[in-house]
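Here, each number is a calculation from the coordinates, and none is a lab measurement. Keep in mind it's a predicted model, so treat the numbers as computed, not measured. FYI the Cβ positions are ideal-geometry reconstructions off the backbone, even for glycines, and counts take in every protein chain you see.
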Amino acid sequence: MMTRPTNLCTALVLLSLLGAITESRKVPLGRQRRFDQQGTLQEDEEFWNRWLQRETSLDVDVAYASTNTPTATPPTTLTSSPTVTPSPTPKPTHPPISDTTIVDMIQSTSRFDGLEFEDPESYQSRALDWVVTNTPSDPTAAGFPLSPQKILQRYALACLYYSTFAAPNSITGLSGDVRGWIDATGWLVFPDECSWYQVACNDFGYVTKIELYSNRLTGSLPYELALLQDWLTTLDVYQNILENSGAEGHAWLGELHNLQYLFYGRTFFQNDNGIPSVIGTLTRLKEYDCSYVLYDGPLDGSTFVNLTNLEYMDLSGNRYNSGIPSQLASLPQLQFLYGVHADLTGSLDFVLDMPAIIELWVDNNPIMTGTIPSSIEQVSTLVSLGISNCSLTGTLPPFLGDEFVQFFAHDNALTGTIPAEWGALEDVKRIELHDNLLVGTMPDEVCDLREAFRLVRLTTDCQRQVGTVACDCCTCCGPSCSFLQNTDATAEVSWP
Ligand SMILES: *[C@@H]1O[C@H](CO)[C@@H](O)[C@H](O)[C@H]1NC(C)=O
Ligand SMILES: *[C@@H]1O[C@H](CO)[C@@H](O)[C@H](O)[C@H]1NC(C)=O
């Protein structure tokens, strides 16, 4: 159970996170853990950058499919046969649960009156065949007692495999070669499903985690995953070419009521009315990522009211054309919220409702207007605010929480001067204010943070135009700073 973080607790968390933050890049605090875990997620960055500008999605999709299909590379064993038939070990004796019982049990989970089993090529038929052929005759052979629940679990995982391994969808194109998973070690081959690639089980042999991020899953996630509802706490399919559409494509997610970690950002999940309401039934969720999928339409506040355990949410990269609902903002545990490039409207006032927020990024929402609330220091947990490239007006707040670390407000229409009070922000690492209408002189108190404290990046317009901020201690000046995010860190730490 997380309680609302005290300032000390926040500081400790941040200290450990900050060690890994590089000087030159804008790095979210909340995602540090996931980036560590997922290592090389950046490899498709160019594609995703293009995807950000998606005008005609199909063109981009085709480009993606083709750039990711090297022609010269010989396919690996697994990818070479789209109709994978893993070679099972021969079954000398009959399984203790009869094949007929297994077939009945599995067929009774059908949501289509068993029609899917009439097609021998359906993923369900293939999964059923696999379960029947691969039920160990010795119940302890795979290190578990074979229960009906275990059999259904094996069926659910086999469904996942057959419906996403080299399976076509409208993104990959419905015909032609679709490559299989990047890594499928053990899947349908090792007797114990708990030892398959990126599957984790509890002590009783039931699946608690499936973490197949960045693994070239295609097709769609199957509704049969709902059979794992008693134990599954983590489902991570971040960055795959999965297509699940509309209410039907999401409905089964609502049955996974034990989920605490749900990540399907950078897939092709699609919905026309914002974040699907079924997500609101997952009341144990702690972390949720639906960033850069195909969600259009407004965020409905009532969806979020029961997500009282939510700590982390990334809803960036979609087109909501609505504000952040107060029901979402006021969630008691919400510490990290990202809504970058999401067609968010309205003002930033919702931040005043956030009881636990540590990092809030809503950059690149050009239709977000209003001012930065002058009472923002009352949001005492907040230490990282990203509001760059919106249409904010008004002045900078004189007071921020003492522990502020990052303040990104460049590319707005902010006016007035830079508050000398900011000289008290001894923990601050990055302040980016360029491309605004600010005037005056950078206060000495703020410049002092450059020498004596952590501040490694400080940007304004530096009197490149008449009537902007005079700044001798800035690390970067003017609009081009927006496009110099990833330059050599040493360039930034030296004084101009
Ligand atoms: C939230 O929980 C309450 C109490 O269980 C329930 O009545 C309500 O329908 C739930 N709201 C949503 C949107 O799920
Ligand atoms: C501002 O946001 C718009 C729309 O998201 C984007 O096209 C533009 O490149 C952004 N500008 C900067 C300076 O980041």
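At full extension, SER391 and SER147 could sit 81.9 nm farther apart than now, given 0.36 nm per residue minus the alpha carbon distance.
Charged neighbours of GLU426, selected by a Cβ distance under 13 Å, balance to -4 (K, R count +1; D, E count -1). Take the Cβ atoms of ARG454 and ALA247, set R0 to 41 Å, and the FRET efficiency comes out at 0.30.
Counting Lys and Arg as +1 and Asp and Glu as -1 over every other residue whose Cβ lies under 12 Å from the Cβ of PRO120, the net charge comes to -4. Coupling constants for the stretch 310-317 follow from the phi torsions by the Karplus curve (6.51 cos²θ - 1.76 cosθ + 1.60, θ = phi - 60°), and in residue order they are 5, 10, 9, 8, 10, 10, 5, x Hz; glycine and proline get x. Rounded to 0.05, the FRET efficiency of the THR100 and ASP296 pair, given R0 = 45 Å and the Cβ-Cβ distance, is 0.45. Applying 0.36 nm per residue to the separation of GLN378 and THR109 and subtracting their alpha-carbon distance, the gain on full extension is 91.6 nm. Here the label points at PHE399 and THR283, each 7 Å from Cα along the C-beta direction, are separated by 3.8 nm in the simple model. Between the stretch 245-260 and the stretch 447-485, what is the separation of their alpha carbon centroids in Å? Centre-to-centre distance over Cα atoms comes out at 47 Å. If R0 is taken as 25 Å, the Cβ-Cβ distance between ASP444 and SER347 corresponds to a FRET efficiency of 0.15. The length gained by stretching the chain between THR185 and ALA424 to full extension, at 0.36 nm per residue less their Cα-Cα distance, is 80.7 nm.
In this rough spin-label picture, where each label sits 7 Å from Cα along the Cβ direction, the ASN273-ASN258 distance is 3.1 nm. Taking Cβ atoms as reference points and 14 Å as the exclusive limit, the residues near ALA226 contribute a net charge of -3, counting Lys and Arg as +1 and Asp and Glu as -1.
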